[in-house]
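These notes concern the structure reproduced below.
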Amino acid sequence: MADLDGKSSEKNKEFFTSVPQETPGFFLKGSHQYDWGLKNRLSRVFHPKDGRTLMLAFDHGYFQGPTTGLERVDQTILPLEPYVDCLMLTRGIQRAVVPASTQKAIALRASGGTSMVSPMEEWEGSYGEGKTIKLGRPGYEPLSNESIACSIEEAVRLNACVLAVQVFIGSQYERQTLKNMTDLIDQANRYGIAVMGVTAVGRAMARTPQYFRLATRIMAELGCHLVKCYYTEKEFDTVTSCCPVPIVIAGGKKLPELDALKMSYNALQQGASGVDMGRNIFQAEDPIAMVQAVQQLVHGGLTPVKAHNLYLELKAKKKGARKK
Ligand code: 5RP
């Protein structure tokens, strides 16, 4: 035992007695008092250099089946993987399609149990696009009647950093979906995994700042580590300001590319910590160009117009390459 023999190394030791050990804070809103494992997982989702994230949401199949753009996830989504921080998906797609060698953080869909053919009654689901969905049949369970759809052991096996749970504030099943969330939080806290409450918007609820302030704050108060909600044209800064944990915005229905970039930019300027975007990326005319434009907007400091120019350039380059 060289160190214990009393002669060899005493004089070579350096104790830095005059240098106080640093006690650094943590970069992410409301997350400075968590344990190491949870902070480490959050640092894989949100980039420590700017506190932001680009999450790619492609879990839509959990209640919609093969959504446009997601018919073959291996063909359309895997090429986007290099440009994002986090993959938001279901365990089925993760196991069947996503290579276990990925270095990207995983946000695992952990609630479910209803589908597009459940009756829609007053709810449209998280997609809240203002349309009446005519697939509902009387007597079926409403969309908001979700359960926890993934055990904590599965989440650990799948190396999830985040568990995503749908919460339907104001719906018939509000209480149950909040209970799904708090049960998951209790389980996830044991293992240092984050829980993201996903705001589901029903037709009965206007997409107002008041509604999102209420919904996101309730989820944060009940223990969510991050919250997903929609952007509002007005007063979005009040939504982010009174939510004590990071907010990421959902992309929502497909918009023209420039509009999607403007929405993301405005949300970030008003305190969002990132975007969790699906259709506005994978349903873009050129999804690989779009994901790079969003990435440069989130992390590269591009304005919406510059990011859109980048999109157009990349799209044109690809078209040119195809013609040759
Ligand atoms: C389902 C979800 C979806 O993953 C996500 O919101 C869909 O993303 P987008 O609206 O951008 O297509 O959370 O509720």
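Quick note: the coordinates plus some simple rules give every number you see, no bench work behind them. Quick caveat: nothing in here was measured; it's all calculated off a predicted structure. Ideal geometry is used to build each Cβ from the backbone, glycine not excepted, and the neighbour counts take in all protein chains shown.
Observations
- Size estimate for the stretch 1-118 follows the Kirkwood approach: the inverse of mean 1/r over distinct Cα pairs works out to 18.2 Å.
- Cα gyration tensor of the stretch 249-324 - equivalent ellipsoid semi-axes, whole Å, descending: 22, 13, 9
- FRET E, pair Ala96, Arg217, Förster distance 45 Å, beta-carbon r, rounded to 0.05: 0.75
- DSSP-defined antiparallel bridges as percent of all bridges, the chain, nearest 5: 10 percent
- Kirkwood radius and radius of gyration were both taken over the C-alpha atoms of the chain, and their ratio Rg/Rh is 1.05.
- Across Lys228/Lys253; Lys234/Lys306; Lys49/Lys104, pairs whose alpha-carbon gap is larger than 18 Å: Lys234/Lys306
- For the chain, the relative contact order comes to 16 percent (Cα pairs under 8 Å, sequence separation of at least 6).
- Taking packing as the residue-averaged number of other Cβ atoms within 10 angstrom, the listed peptides 63-75, 303-315, 220-232 run from highest to lowest as 220-232, 303-315, 63-75.
- Of the two radii for the stretch 151-260, the radius of gyration is 0.99 times the Kirkwood radius, both from the alpha carbons; that is the Rg over Rh value.
- Here the relative contact order of the stretch 243-324, from alpha carbon pairs under 8 Å that lie six or more residues apart, stands at 30 percent.
- Across the stretch 172-324, Cα-Cα distances exceeding 22 Å account for 47% of all pairs.
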